[in-house]
Amino acid sequence: MGCARRGFWRQSRESFLKIPGDSGGEFGALIWYAAVTGSDKGIGFVTVRQLASKGITVVLTARDEKRGLEAVEKLKESGLSGQVVFRQLDVADPASIAPLAQFIETQFGKLDILVNNAGIAGVIVDADRLKAASEYGAEGGQIDWEKLLTETYELTEECLQINYYGAKRTAKALTPLLQLSNSPRIVNVSSSGGELKNIPSDRVKGVLSTDVENLCEESVDEVLTEFLNDLKENLLESKGWPSTKSGYTVSKAAMNTNTRILAKKYPGFRVNTVCPGYVKTDITFNTGILPVEEGAASVVNLALLPNDGPTGQFFLQSEVQSL
């Protein structure tokens with residue numbers, strides 16, 4: 001999985017203040033374009049703001065047009081009026097992705113950075129009990145989620161459609177535009193919950209951790225189809241699937257694997273996946289321990305990797321992790 005090593009991020013942060021491939025000052029004459037999915041709030045919104053503040057033109061996307069336009073207005077009020085544009089995008093709807101690609105091609109002619117940030121938990125959360133647990137000092141990895149969550153087949157299926165298939169479709173649609181960039185970057189926002197240690201089945205772990213030379217999208221898709229079938233038949237525990245947050249865990253594990261596939265398929269790209277940590281956002285009901293600015297910074301650092309930076313890796317904030 002690439003050539004990155006632990007401690008990669010311990011080098012001077014100054015190296016990440018320049019846009020990759022840029023030889024003309026801090027940002028030089030090169031014009032950079034980025035697209036961030038699910039970016040009307042939370043980590044996605046702050047990612048847009050941080051990228052735009054570096055002079056990059058960013059397409060902010062959201063399922064809800066009203067919320068997306070309001071987000072752009074907030075950024076304009078903070079002095080980024082010329083750097084951010086809005087396009088409606090529902091990554092779960094293939095018909096919604098093609099117009100985004102067409103817009104970017106018409107307006108900019110290329111794309112340099114794609115951040116696949118759109119994602120959902122795929123569960124109904126007892127928010128009051130979650131907040132109560134957090135007040136007692138429990139962090140994301142220590143909370144007894146089984147007592148706080150309600151999971152259904154429909155929610156789980158939607159979770160897979162957005163978190164995995166949506167990110168995969170978006171990357172596929174925008175790859176021709178990324179190929180026109182001198183420094184194409186794809187950052188998939190994932191979770192440590194998607195690490196393979198969270199999936200009991202050795203067979204499934206084997207499929208998703210297969211040597212990259214033998215990995216293929218079809219194998220990953222087959223695993224997800226099998227997962228949904230077992231869920232429908234109430235066989236998750238007996239078949240070795242996660243019993244809690246199962247859709248979220250499996251969708252993020254699949255995203256991590258697909259990141260490796262893309263990195264192998266497009267060696268000129270820098271394609272990585274990152275867990276930004278347990279961040280204070282809506283998805284955690286603001287019970288996270290990290291500020292959203294710090295979570296977004298982990299994403300932006302990967303978006304601005306140097307051309308010889310790591311690819312095909314899973315990061316926990318700034319550290320490379322094994323899957």
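The values are calculated or read from the model by the stated rules, or taken from the named source; none is laboratory data. The structure displayed is predicted, hence computed values, not measured ones. Note: ideal-geometry Cβ built from the backbone for every residue, glycine included; neighbour counts use all protein chains shown.
Could you count how many residues in the range 254-268 are part of a loop (DSSP other than H, G, I, E, B) and under 16 Å from the mean Cα position of the chain (by Cα)?
0
Condition check: touching a strand residue (DSSP E or B) at 6+ places or on another chain (Cβ under 9 Å), modelled with pLDDT of 95 or more and hydrophobic (A, V, I, L, M, F, W, C). Does residue 204 satisfy that?
Details: touching a strand residue (DSSP E or B) at 6+ places or on another chain (Cβ under 9 Å): no; modelled with pLDDT of 95 or more: yes; hydrophobic (A, V, I, L, M, F, W, C): yes.
Considered against the rule, which asks whether it is touching a strand residue (DSSP E or B) at 6+ places or on another chain (Cβ under 9 Å), modelled with pLDDT of 95 or more and hydrophobic (A, V, I, L, M, F, W, C), residue 204 comes out as no.
Which condition breaks for residue 251 when tested against (1) over 16 Å from the mean Cα position of the chain (by Cα); (2) at pLDDT 95 or above?
Every listed condition holds for residue 251 apart from (1).
Restricting the search to the range 32-70, which residues are over 16 Å from the mean Cα position of the chain (by Cα), within 17 Å of residue 90 (Cβ to Cβ) and of a type in the set (Asp, Glu)?
64, 65
Suppose the filter is within 16 Å of the chain's Cα centre (by Cα), assigned to a strand (DSSP E or B), of a type in the set (A, V, I, L, M) and crowded, with 18+ Cβ neighbours inside 10 Å; does residue 300 pass it?
no
Need the failing condition index for residue 292 against (1) surrounded by fewer than 20 Cβ atoms within 10 Å (Cβ to Cβ); (2) modelled with pLDDT under 95; (3) closer than 30 Å to residue 177 by Cα, just the number.
All conditions are met except number (1).
Can you tell me which residue in the range 51-87 is modelled with the highest pLDDT, limited to those that are surrounded by fewer than 15 Cβ atoms within 10 Å (Cβ to Cβ) and not in a helix (DSSP H, G or I)?
64
Going through the range 28-50 one residue at a time, which ones are modelled with pLDDT under 95 and within 17 Å of residue 108 (Cα to Cα)?
Listed by number, the residues that qualify are 29, 30, 31.
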